[in-house]
Every structure is written in C-alpha cells, then in structure tokens.
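Chemist: Dumping the structure here so I can ask a few things about it.
The values are calculated or read from the model by the stated rules, or taken from the named source; none is laboratory data. Keep in mind that this is a model prediction, so the values were computed, not measured. Every residue, glycine among them, receives a Cβ derived from its backbone with ideal geometry; neighbour counts consider all protein chains shown. Side chains are part of the model used for accessible areas, which takes the heavy atoms of the whole protein and leaves out ligands, DNA and RNA. Shrake-Rupley method; radii C 1.70, N 1.55, O 1.52, S 1.80 Å.
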Amino acid sequence: MNRTSSSHSRPRQSSSQPQAVHPSSFAPSLHRRRSTAHSIQSLDPEDDPEAANATHTDHVIVEEIAEIKRYEDFTTIDWVQDAAREQLRRKARRNKRALGSRERAGGNGKVFLGRGRGVWRAKVAEAYDAGQAWIVVTLVGAAIGLNAAFLNIVTEWLSDIKLGYCSTAFYLNESFCCWGAEGGCPEWKHWGGGFWPLSYLVYILFAGIFSFTAARLVKSFAPYAAGSGISEMKCIIAGFVMKGFLGATTLFIKSIGLPLAIASGLSVGKEGPSVHYAVCTGNVISRFFDKYRRNAAKTREILSASAAAGVGVAFGSPIGGVLFSLEEMSNYFPLKTLWRSYFCALVATAVLAAMNPFRTGQLVMFQVKYDRSWHFFEILFYLIIGAFGGLYGAFVIKWNLKMQVFRKKYLAAYPITEAVTLAVLTAIICYPNMFLRIDMTESMEILFQECEGGHDYDKLCDRDQRWHMIGSLAIATIIRTLLVVISFGCKVPAGIFVPSMAVGAAFGRMVGIFVQHIHESFPNSAFFNACEPDGPCITPGTYAFLGAAAALSGIMHISISVVVIMFEITGALTYILPTMIVVGVTKAVSERFGHGGIADRMIYLNGYPFLDSKEEHTFGVPVSKVMSSRVVCLVATGMELRQVERLMDKNQYQGYPIVEDMESKTLLGYIGRTELTYAIERAKKDQMAPGHAKISFSSSGHANSSRTPSQSGEPGTTFDSIPATSSSTNIDLTRFIDPTPLTVHPRLPLETVMELFKKMGPRVILIEYRGRLTGLVTVKDCLKYQFKVEAGGHGGAGGNGEEGMERVYGWLRSVAVWVDGLWGSISGRVGGRRRWAGGAGIRARQGESEREGYGEVRLESPIVRQEQGIVGEEDEREAFTIGDDDDDEHGDIGRGVELGDRRGIS
C-alpha cells in the first residue's frame, strides 16, 4: 500500500481508491514523518492556557516514564527520544515561568521596575540553571584532583613498603624518608637487614597480600571495579546503560583497590583506572543535580569532561587529556563539551599541583626536562623505535585477547586465586632484575633521565657496564611484555598504559645506549658529523621517552593525544617532531595488523553494542540485506488488553511498530516497551480496565478517520480525566506512541544506516517501502553482519587455538593436582580437603560461586577465532544473542552482552 511521508496528518485513502504509483526507480529515502497527534502546539501560554496545561501533563508523563527507564539495565539510550524529551522539559519550564509571571502581574502584589521578590527569585533561578554546568565541572575537577593526589601518596608508600621501611617514621616512603639524599640513607631499613633471601621472601609475601586484598574487595563489593574500564566507558558514553559501573561503590573500591594492585607488582598501571574513577566521580556528583539526573545527553558531557580530567591528572597533561577524550573516548564531542572538558581538566590538574604529592612540584613522578637537541641522523633509530611500538601493540593485542578467552573459559570461577598466583609469579620473576623490581613509574623516571645530571641508578650510566645494561634492558623488555599479556584483564583494578610505556622505555633506553656506544666507538665517522667534537652527542634518555610514546600509541592506536601528552610531560618543544615521527610510524605499522586498539578489541570480545565512529566500512549492500523482516507488530485498533499482555510476555522486545492492519502493514508509529507497560499499568489502576478492554493506538475510533485530535481541537484523553465509574472497555494510548519514528528505504546503503546510528543514536530504525513496514534494523544487526563479513574475509578459521587452550588448561590442572596433593600430605587432611582436580571439584567450586551470587547472570561467551575480535561459530553461539536470531530482532541490543567477566563471577 502506498503512502507519502505525511500520511499521518492527511486523510487516509481507502484501500479501494486509486493511488499514485511510484516509478520503479524510487530513490532511497530517509525521513522523519511529521508529528500531529503527539505534537505540542507552539502557542503562547498566556493566549492558550489549555495548551500550557496539556504540555505540563505530557511533561509529567514523560518524566514518570524516564524515571522507570533509569532502572533498566543493559539497554541503550535512544538519543533521538532523549533530545525530544529535553525539548519538552524546556517548553514546560517556559510555560510554567510565563504562567507564573502572568499570575504575579494580575495579583495584588504588583512590582515596581522589576524589584519584586518573585522577579529576583526567578532571575536567580535562571542564572543558577545557566551556570549549573560550570558548578558541576568545577566540583568534579576538584574531587578528581584530590583523589589523584591521595592515590599517588598511598601508591608510593605501598610500593616501597615491599622493599623496606623508614625507621624514623613508618608512614614515609623511601623518597620522603631519605629526602635530599642520593642512593638511600641509613634511616631507610631493608627487610632482612641486607640478607637477600629474607628480603626476597618478604617481597613475595607483600605481593601476595596486596593482590589478595585487591581481588577480594573487587569480588565482594564491586565486580565492575576490575580491569581498566575504558572499553565499557566508551560504550556508556555512546549510550549503553550499565547500572552500577559508574556508581559510588565502584568509585570507592576502585580508589582503594588500585594502589593495592599496583603495589602488588602486577604488570598493570593506574592510568586506565584513573579514567574510570574520574568518570565515576563525574557521574556521582552530577546525580545530585536534577538537570543532569534527568538528561542523558547532558550527563554525557560531564562524563566526557571527567575522562579528560582523569587522563590529565594521570599524566600531568590537561591538554593531552582533552585530546584523549576527543580521540578515544567520545563519539560525540561538540565545541561545548570541548570547552567544559578543558575547564574540568584544568581544575583537576590545578588541585593536584596544589596538593603537590611528590613535594617536587611535579605532577607525575616521571616528569623530566631535556636541555639538549636532537640530530637528523637519529631519525633512522627513531624509525626503529616506531616500528617496535607497532609490533609490540600488535603482539600484545593478539595474545591478550587469546588470554581473555582462556580466562573466561577456564579461570572465571577463580578470580582471587588467579590474581594472587600472577602476583606471586611476577614477584618471583621480577625481583632479580633491577628494572623489574621497582615500580614501573619509578623505572620510567630513571630511564628518562640524562646521565650528565648526576642521575645514575645501579651503574646505568657506567661506560664499563653498557653491554650488561643492554642485556638487562632486553630481558626486562621481553619479560614485561609477557607479563602484560597475561596480567591485563585479571580481576583487580588494572590498566595497560604505564606497563606499555615501561616496556617502550626499556627498549628505547637499550637502543639509546647502543647508539651512544656506536658513536663513542666511531666518533670520526661521517655519520656523526652533526655532533659537536667536545661534549655529549647522544642522550639515551630521549630514546626511552620516545619508546614509551611508541608503545602507548601501539597498544591504544592513538596518535595526536600521545604526542601532546609526551610534550607536556617533558616540556621539550624541540622533541615534538621526533615524537610525531615515532608515533606516525607506530600508527602505520599498527594499522597493518588490524584496526582499533586494545580497548576497541575488548568491546568486540565482550559483545557490547558499539559502533566505532572512527571506522569506515564499504559493504556494498542495502539495508534490506541486514534488516529483520519478521517483526512483531501491534494493530492500531481492535486488540484486547490481555492479547497485548500475552504478546509482551512471549518476548522481551524493547518496542513494537504500530501498523494499520496486518494485511497492509501501513506504518503509523512506534511504541517502546517501557511506555506500553506504563500505559497498561495506568489503565488498570485508574480505569480498572478488564482483560477484554479494547486498546487503540490511533487518534480516533477507527484507523481510517480523517480527523485527528489536533485537527478537531479536542485535547488528548488522559487517565486523570476519566472518572472511576466511566466505561473502561476502551483504552486510548495515542499519547504514548511515537508517530514519527526514524524510517528509511529498503534500498538505502547499509553504510548510511550505520552512520545514522553513530551520529543520531536511535535505538531502532524502521524500514518502510511506500508506507508499508517491511522490517527494522538495530545496532546488533549491523554488528552481526560486520562480524560475518570480517570472518569471511579472514577465512573464518582460527587454527588450533582451542586445542592450545585445552593443553594449557590440562597442564595447569596437573600442577594444581600436584600442589593440592603435596599440601594435603603435609597437612594430614587429604580426605577432608576439596580437591581442585577433576570435574567434580570444579563443578563444586562453580556451584559455590553461584550460591554466593556471582554466577547467576553469566551468559554465553563468544568464541574468538581471530585476533581482530571476530566471533566464531562454535556451538552456534553469537556475541549478541541469547536465543534465536528472530527472538531478538528488535529487542534490547544489550541483553546478549557477555557479562561473565565483570558481572557474573568477577
């Protein structure tokens, strides 16, 4: 059946009447149909008080429905509806203000020259509403700065307490205890009094205690505090709802567990979690303000600004933080958000500088200054460092994803055991190496320093120890890389920024020492003609600095923000060009091995409904190739209440298209599940509607009526206006439907539809052809097709990954059996202990986890077949479905999210 885009505001033609026939080459179209029955008349409230009252009533209903939606977890925000809801709020506020001013003018309390008390109160309220955003970002920035200073102080003390203690004041770390002294002081006592086996044992013991405490806190109180959180925050800022992920409990546990996890010696960093607790801070503070609690779009601005402040305090780089939020975190970043992000990062960094946690004036521990320039012949070695950064990122991303799949499949029931084992293993391996023993932040501070300023750590600048230093740095690079692969993703607060920078700094310093050795061996070579004859030529610390930038860019696939962050850390304007060269080479090499950094790959692995705005696709297919054609619809008139309830009970769809009848399927509108549930509950409560009551989604008694309420001048029926004794056999739900859903033509290219999802943010897009509903498409449908195309492009096979996992798990189980038997024989309670081996022991442990409440919402995990995050087809499981494809065709696109690693057993 044919109809135009304005069919809802014109008299509908009968099916028997002749209709205009569109040519066969009907152009693909995209349109929003004009609202009539649901539209609000733009009349002056002083001229039409009834329109103002109707607007107020609509506003109240919208707010009640929005309050219900706040408690819906793992759903997506419809940004189109959110924008319309905000416009309705503003209109209701303007009408209320106008009606209030008219009442004051008509009353006895006349004002003279605007000096009435009510006028000034209104002006103050307007000023407060206008400046509320700046109040929020100021409070958020100050809170983030204070928290960052606290975490820096606690982290440094916990990291040093593993090696020794201050005899004069136990609460001081080594730098404060030996203030002004180089190479230690008598007041700082090492555990064991210099007896290295005892110091080694205490070091391992503290690592186990710290990791156990952090993992236990996370598992018991805030499972969402595990990991970095950047992947999930990108989805949340894009509109995915994960209740509790940005809550106060997560903020508190993240702030406590982060110093413990770093001090345990695990190859994890604090920069990623710093962004998480910063965004948590912004969310918690903004919830105290009604303006942000009710508007998701404005909350998104605060979250983006908080992310910028988190990176700013983590690196001491406010401008770099703003660029990081723009480049990595946000898919919608208008100029207003840019300015507020800058201000929030400024406030947070200023508070951190005022706190001065290191008492050196530095915002971060590895801040350094260079007073020497570089030479053009060094570009050759800069290219080598840049290539290493790209290869490092590709290697870590590939094998860490495999480790994540192994962790979900075999280690999900043992998060605390895994964390403690990794910490103890890391302590055993790292203690003998001088660069792995100390904290990674401190190691970067040492590797960044110049040798001429008296900065020497364990003969790092000794010419006779160069080959020994090169060997130690090479071992540190390899071991740290492997530890990053297996440690990132364990169930403690863990980031990957600093570990990657530490790996790059070790490799860069190794290259710098090697180049310095070549120069001193061949000082008269033409290759080094640019060097001055007297004085140092090569600065190995700058190579470490560039290596850190390369590794950070390689693991996150970011470029501009890395250059600015490294510039703000060093303050060396002359090294911007080398940094840009290194990061550019790293970016080029990284893109050869796949698009997207570790955060983007984790999004695909976990199955979150996220379309990356930085990606460009060329599928060459229309949207009809991807859409779900079997759509459950609601007929505009004639359906009974119990029939609608039965339909809703049979499925969990998040919305239903409204059609004129099932034969023609002429599209009339769309109604969300929450709105429909709310309307039915109101009808039962206010009208005492029976099960056989007829429900109407049309504006009149029959679908073919030529008059709508807006045309006839009759206001829409509300539940409050119906007396309790009135007939309740007919229920009009016209005001709850959306008469202007986003619709596209079936031949519209899929790439254009994906751009609509990215830029407009609807939850669902309906497909109609000449007024007839032919299907619908969601983000989930687009992602499923994208994964299918990528899997086909890579052959769809993953090699022997599953067999390798089974062998590794068998080996680990054998080791666990041996340890369990040895411990049982020593303790004399072999029969009384629960054995780790065998399926019965594992099932018992998993059953215990479920009884504790950690396994009750775990869903199926997608099997990753390729390192690019492609979802395989083993066991016919998909990343976005719980049941059949058709059972979720236009339902909640987040219901099939893999939650086991965070919500279930984490």
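Chemist: Please compute the per residue accessible area over the range 315-380 with all protein chains in place, 1.4 Å probe, rounded to a whole number of Å².
Modeler: The answer is 44 Å² per residue.
Chemist: Find how much the distance from Asp649 to Glu681 grows on full extension, using 0.36 nm per residue of separation minus their present alpha carbon separation; answer in nm with one decimal.
Modeler: Full-extension gain reported as 10.1 nm.
Chemist: So for the range 143-276, averaging the separation of alpha carbon pairs under 8 Å that are six or more residues apart and normalising by length, what relative contact order in percent results?
Modeler: 28 percent
Chemist: Beta carbons within 10 angstrom, averaged per residue: use that to sort the peptides 315-325, 248-258, 208-218, 608-618, highest first.
Modeler: 315-325, 208-218, 248-258, 608-618
Chemist: Starting from the Cα of Lys409, draw a straight line to each of the lysines and keep only those under 28 Å, dropping any in the same chain fewer than 8 residues away.
Modeler: In chain and number order, the partners are Lys219, Lys234, Lys243, Lys254, Lys270, Lys398, Lys491, Lys780, Lys784, Lys788.
Chemist: Can you pull the one-decimal nm distance between simple spin-label points at Arg592 and Glu187, each 7 Å off the Cα toward Cβ?
Modeler: 5.4 nm
Chemist: Still on this structure, I have one more. Roughly how many Å is it from the Cα centre of the range 334-383 to that of the range 245-271, as a whole number?
Modeler: 23 Å
Chemist: Strictly greater than 18 Å: what percent of every Cα pair in the range 409-531 meets that?
Modeler: Result for the distance tail: 58 percent.
Chemist: Mind checking the per residue accessible area of the range 525-675 for me, 1.4 Å probe, whole number of Å²?
Modeler: 37 Å²
Chemist: Run the accessible area of the range 616-658 with a 1.4 Å probe and give the carbon-and-sulfur part as a rounded percent.
Modeler: Within the range 616-658, the accessible surface is 42 percent carbon and sulfur.
Chemist: What is the Cα centroid distance between the range 642-667 and the range 538-595, reported in whole angstrom?
Modeler: Value for the Cα centre distance between the two parts: 55 Å.
Chemist: Quick one: pull the percent of accessible area on the range 167-297 belonging to carbon and sulfur, 1.4 Å probe, ligands and nucleic acids left out.
Modeler: The C+S portion of the solvent-accessible surface of the range 167-297 is 67 percent.
Chemist: Another question, if that's okay. If you look at just the Cα atoms of the range 148-263, how large are its Rg and its Dmax in Å?
Modeler: Rg and Dmax of the range 148-263, Cα atoms, are 17.9, 56 Å.
Chemist: Tell me which residues come under 5 Å, amide H to amide H, from Tyr769 once H is placed; ignore anything under 5 positions away on its chain.
Modeler: Thr774
Chemist: Oh, and also: How many percent of all Cα-Cα pairs in the range 230-355 sit more than 17 Å apart?
Modeler: So the portion of pairs separated by more than 17 Å is 54 percent.
Chemist: Under a 1.4 Å probe, what is the accessible area of the range 182-303 per residue, stated in Å²?
Modeler: Per residue, the range 182-303 has 33 Å² of solvent-accessible surface.
Chemist: Would you tally the net charge around Ala419, using a Cβ to Cβ cut-off of less than 12 Å, leaving Ala419 out, and scoring K and R as +1, D and E as -1?
Modeler: Its environment carries a net charge of +3.
Chemist: For the range 205-290, what is the charge dipole size about the Cα centre, in debye to the nearest 20, if Lys and Arg each add +1 at the Cβ and Asp and Glu each add -1 at the Cβ?
Modeler: Using Cβ point charges on Lys, Arg, Asp and Glu, the range 205-290 gives about 140 debye.
Chemist: Oh, and also: Ranked highest first by average number of other Cβ atoms within 10 Å, how do 273-281, 664-672, 221-229 line up?
Modeler: 273-281, 221-229, 664-672
Chemist: Right, something else. Would you mind putting 632-639, 260-267 in packing order, based on average other-beta-carbon counts within 10 Å, highest first?
Modeler: So the peptides 632-639, 260-267, ranked by packing, come out 260-267, 632-639.
Chemist: Something else: Compute the signed sum of charges (Lys and Arg +1, Asp and Glu -1) over the other residues within less than 15 Å, Cβ to Cβ, of Phe170.
Modeler: -2
Chemist: Given the pairs Lys625/Lys759; Lys408/Lys758; Lys91/Lys684, which span a C-alpha to C-alpha distance of over 26 angstrom in this model?
Modeler: Result: Lys408/Lys758; Lys91/Lys684 exceed 26 Å.
Chemist: Tell me the trypsin sites (Lys or Arg not before Pro) within the range 346-387 that lie in a loop according to DSSP and have at most 15 other beta-carbon atoms within 10 Å.
Modeler: Passing both the DSSP loop test and the Cβ count: Arg359, Lys369.
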